[in-house]
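Remarks on the structure that follows.
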Amino acid sequence: MATGQLFSKTTQALFYNYKQLPIQRMLDFDFLCGRETPSVAGIINPGAEGFQKLFFGQEEIAIPVHSTIEAACASHPTADVFINFASFRSAAASSMSALKQPTIKVVAIIAEGVPEADTKQLIAYARSNNKVIIGPATVGGIQAGAFKIGDTAGTIDNIIQCKLYRPGSVGFVSKSGGMSNELYNTIARVTDGIYEGIAIGGDVFPGSTLSDHVLRFNNIPQVKMMVVLGELGGRDEYSLVEALKQGKINKPVVAWVSGTCARLFKSEVQFGHAGAKSGGELESAQAKNQALREAGAVVPTSYEAFENVIKETFDKLVEDGKITPVKEVTPPQIPEDLSTAIKCGKVRAPTHIISTISDDRGEEPCYAGVPMSSIVEQGFGVGDVISLLWFKRSLPRYCSRFIEICIMLCADHGPCVSGAHNTIVTARAGKDLVSSLVSGLLTIGPRFGGAIDDAARYFKDAYDRSLTPYEFVEGMKKKGIRVPGIGHRIKRGDNRDKRVELLQRYARENFPSVKYMEYAVQVETYTLSKASNLVLNVDGAIGSLFLDLLAGSGMFSKQEIDEIVEIGYLNGLFVLARSIGLIGHTFDQKRLKQPLYRHPWEDVLYTK
């Protein structure tokens, strides 16, 4: 493997299996380092394509999303690092696909628990094709001031504290990602910081070894010394011992193998990583530390002394003129996300939507403050839900029952009315449910089902001004306005609309007052004296009875009642109810497999 530097300030990566936070951390690191181009060239999300919006400094950018590894590599031929965030189940297959792409040189496998047989195949392929694997079970790696993999080095605050925004003189390699963060901080305190850091991963078979990276660091001129953190278990450290003995490494190596406490336990102990388990005396931390010391590495007497020997080694190199400490620079300020700043109380921002009827932020949605579980447990019906969402209060049961009756009575009125006809024609044209429903709903208006609000508005105004039915009707006639809620194409005075009778009967039996309904009946008596079809229709019945509901319940002020009528609440009842029937007609036509509708010639008057 050896060779030299893996990353640079122009290195770009392909990120497999979209994860917003690690990608954003990479982009924030790019900005901190003064990169001109983002380090993430593309995202691979199997089965998805498009773009993902992320921030590059203060600028919002769109990163392409590809559905396959092959498509991503073809679109971004300069991206030579593959960062694999797939699960342990699919990490091996996707990593092998990436290794087989000629443009990919480095593959980082984040998942732990990748089957060992699969890992061995990946390692064999990578070595025979001169490619590098970091991981599995790794946090990744970083070249200070240039490029980092995923969540390497943690938060921006930690990166700044560890001076990773600019290169130092130390090459660092470890098995542990968590301990890497600790050592980045330690090294920054006693040296000029790291040049490159790699966490090879804690699985039994890492894709690249400690010695692979130390030998590589040895070939990088900017790296003046190496720091190695090993752990008990396995024999990886012995390859480093051999390299030191053979004189392949000509730069100082400061090393420590953790896990010396294992001897305090009576039985064998499995530490955090899969590979952190001693398989005999040679794999113990003590044996490895002794072998490294004898081979020429600088090995402290304990982990506590690790920092001091790193400092002494660095200071000696400075004293000998082999290191000119890097001059400190001030990194740019990373713009803070608005959501984070708001949580911290640093800024205030106006909201874009106001909602007073529902809230989905808690453990369960609430309708007008009533939890969903309470709605179900208390046996609320559709009328109760409408009262919460439309009127923002829980109405008495007789009110919610009236709403439900209105919905049932207005759900459908046969296939011949304009709304149903439009829906049927649209459904037979092969359109989808929503298109068919909307085509029917769009016919609702002053001439079809949309007169409830107007009926309520005019009846209320006339009653409140104490107009007689004669004064009201004749006044409307002089203005050229038909009385809303009066008149029917089929029903007559001797053939009343059964729906109207049912509504009136329910109201008389349950409402505290039906003054507006009785006024509407008086108006009907007058209009019937003019023509037999000028009966109170269902729009007029619902409109007048809803006025009685609002006024008689004692739960609404006069201003609220006026607002409800003005906004169009009552027509909403018809829209909601008739949607049930229109959906039914759509399903009916689809079920019957009806062909495209064409209106018959004989039903059209052709004239000049």
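The values are calculated or read from the model by the stated rules, or taken from the named source; none is laboratory data. As the structure is a prediction and not an experimental result, all values here were calculated from the model. Cβ: placed from backbone, ideal geometry, glycine included. Neighbour counts: every protein chain shown. All accessible areas refer to the heavy atoms of the entire protein, side chains included, with ligands and DNA or RNA removed. Shrake-Rupley method; radii C 1.70, N 1.55, O 1.52, S 1.80 Å.
The table that follows gives values for the structure above.
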item: Hydrodynamic radius by Kirkwood, which averages 1/r over all alpha carbon pairs of segment 20-84, in angstrom; result: 12.2 Å
item: Between segment 526-591 and segment 25-101, the Cα center-to-center distance that results, in Å; result: 56 Å
item: With eigenvalues of the C-alpha gyration tensor scaled by 5 and rooted, segment 195-240, Å; result: 20, 10, 9
item: Gap separating the Cα centres of segment 476-525 and segment 396-471, nearest whole Å; result: 15 Å
item: Dipole in debye (nearest 20) - the chain, about Cα centre, beta carbon charges: Lys, Arg +1; Asp, Glu -1; result: 1380 debye
item: Ratio Rg/Rh [Cα only; Rh per Kirkwood] for segment 35-168; result: 0.97
item: Cα extents of segment 442-586 along the three principal axes, largest first (Å); result: 44, 37, 32
item: Part-to-part distance (alpha-carbon centres) for segment 140-155 and segment 313-348, which is given in Å; result: 14 Å
item: For segment 274-414, convex hull of alpha carbons as volume per residue, Å³; result: 375 Å³
item: Ranked order, VAL370, VAL81 - accessible area, probe 1.4 Å, largest first; result: VAL370, VAL81
item: With all protein chains modelled, accessible area of TYR367 [1.4 Å, Å²]; result: 60 Å²
item: Tilt relative to the chain, helix 20-33 - C-alpha long axis, 0 to 90 degrees, to 10; result: 60 degrees
item: Distance histogram for segment 160-206 (every C-alpha pair counted, 10 angstrom bins, percent rounded to whole numbers); result: 29, 52, 16, 2
item: Between helix 236-245 and the chain: long-axis angle, C-alpha atoms, 0 to 90°, nearest 10; result: 30 degrees
item: Over segment 520-608, relative contact order from alpha-carbon pairs under 8 Å, at least 6 apart, %; result: 14 percent
item: Segment 58-140 - accessible surface per residue (Å², probe 1.4 Å); result: 43 Å²
item: Helix-only mean residue ellipticity at 222 nm for the chain, each DSSP H run of n ≥ 4 adding -39500 (n - 2.57), per residue, nearest 500; result: -13000 deg cm²/dmol
item: Karplus 3J(HN,Hα) series, Hz, for segment 415-420 with 6.51 cos²θ - 1.76 cosθ + 1.60 (x for Gly, Pro); result: x, 8, 5, 4, x, 5
item: Degrees between helix 452-464 axis and first principal axis of the chain (Cα, 0 to 90, nearest 10); result: 60 degrees
item: Descending principal axes extents, segment 107-185, alpha-carbon based, whole Å; result: 40, 25, 17
item: Karplus 3J(HN,Hα) series, Hz, for segment 120-126 with 6.51 cos²θ - 1.76 cosθ + 1.60 (x for Gly, Pro); result: 4, 5, 4, 4, 4, 5, 4
item: Taking the C-alpha atoms of segment 508-608, convex hull volume expressed per residue in Å³; result: 229 Å³
item: Per DSSP, loop chymotrypsin sites (Phe, Trp or Tyr not before Pro) in segment 26-130 with at most 16 further Cβ within 10 Å; result: none
item: For segment 432-501, convex hull of alpha carbons as volume per residue, Å³; result: 134 Å³
item: Reciprocal mean inverse distance between Cα atoms of segment 360-439 - Kirkwood radius, Å; result: 15.0 Å
item: Rg/Rg_globular for the chain, with Rg_globular taken as 2.2 N^0.38 Å and Rg from C-alpha atoms; result: 1.54
item: Surface accessible to a 1.4 Å probe, LEU582 within the full protein complex, Å²; result: 0 Å²
item: Approximate shape of segment 144-234 as ellipsoid semi-axes (Cα gyration tensor, √5λ), whole Å, largest first; result: 20, 16, 11
item: Projected area averaged over orientations for segment 561-608, convex hull of C-alpha atoms, nm²; result: 6.7 nm²
item: For the chain: relative contact order, % (alpha-carbon pairs under 8 angstrom, 6 or more apart); result: 9 percent
